[in-house]
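Asks: Have a look at the structure that comes next, please.
The values are calculated or read from the model by the stated rules, or taken from the named source; none is laboratory data. Given the structure is predicted, the values throughout are model-derived calculations rather than measurements. No Cβ is skipped: glycine too gets one built from the backbone with ideal geometry, and neighbour counts run over all protein chains shown.
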């Protein structure tokens, strides 16, 4: 009999920053240097420069939130209690083997103490992060030291593009809208969107179909981001989600999504090149009437560490709380 693994169960963190009300007095991106000086002081010069490269203040605010959440995740979850200042000094690099997924490598150990992924849409920035058992810990075996956990998250807001989408559908039809995205969808998904998704009872009859499209988009993006490939993956059309449904919206942003009311989806069939994917946990949930968030976690070789049941609601953090934590972390 194989003895059970003694390495700790991975610790999962899921957090959101809502930037929509941040620094309302900022009209030009460069003004963030003054109005967000406290936040900027906690980031490296290179990171501050990246935030300030954006043209629109809403985009710069989301970039700032993304940087803060990455540092927060590493300092909060790392078993070695890596202080915020050490995360800032080291920064983030591209993963070996290509792709665009940012990673943090602890220079003291050469390991990744925390695996994370970030998504942003319409002012909302979300991060899913995992501190894998054995990652960065002293006294662990070589096999545990090299353990890798893959995570992906994607936030979508059908409302952000609603007017543009309705205009396109009115001019060209629903089938043309689906065909416009067909090159990054599975064959069965294209057929599902065209022929099986019911229209909503709105004046144009398209909101229900658009919500289904963006729900599927979020699932695909979060899965593709597991390895950092995104839509450029050469197998993107060989990936297919089957039998999924669209989660119902929640009444408000602060109303928790309830599984019994169809606002959370966990039973998600994933197929790749005709084979069912068995090593990925996913969850799709509504956040208010206008947002959905999809989360994917893969724990290779660690069936006992599957995190599907742990993929609960995201905690909405305050900017003030994150900055207080950063300053206390050292």
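Asks: Could you list, in sequence order, all residues of segment 259-292 that are assigned to a loop (DSSP other than H, G, I, E, B) and touching a strand residue (DSSP E or B) at 6+ places or on another chain (Cβ under 7 Å)?
Replies: Across segment 259-292, the qualifying residues are 263, 266, 268, 277, 279.
Asks: Just checking, which of 132, 108 is within 30 Å of residue 328 (Cα to Cα), buried (at least 22 other Cβ atoms within 10 Å of the Cβ) and modelled with pLDDT under 95?
Replies: 132
Asks: Exactly one condition in (1) modelled with pLDDT under 90; (2) within 22 Å of residue 162 (Cβ to Cβ); (3) out of contact with any helix residue (DSSP H, G or I) (no Cβ under 6 Å at 6 or more places or on another chain) is not met by residue 262; state its number.
Replies: In the conditions (1) modelled with pLDDT under 90; (2) within 22 Å of residue 162 (Cβ to Cβ); (3) out of contact with any helix residue (DSSP H, G or I) (no Cβ under 6 Å at 6 or more places or on another chain), residue 262 misses (1) alone.
Asks: Could you tell me whether residue 59 is surrounded by fewer than 21 Cβ atoms within 10 Å (Cβ to Cβ), modelled with pLDDT under 90, out of contact with any strand residue (DSSP E or B) (no Cβ under 8 Å at 6 or more places or on another chain) and in the same structural domain as residue 130 (by TED's automatic domain parsing)?
Replies: So residue 59 does not fit the description; no.
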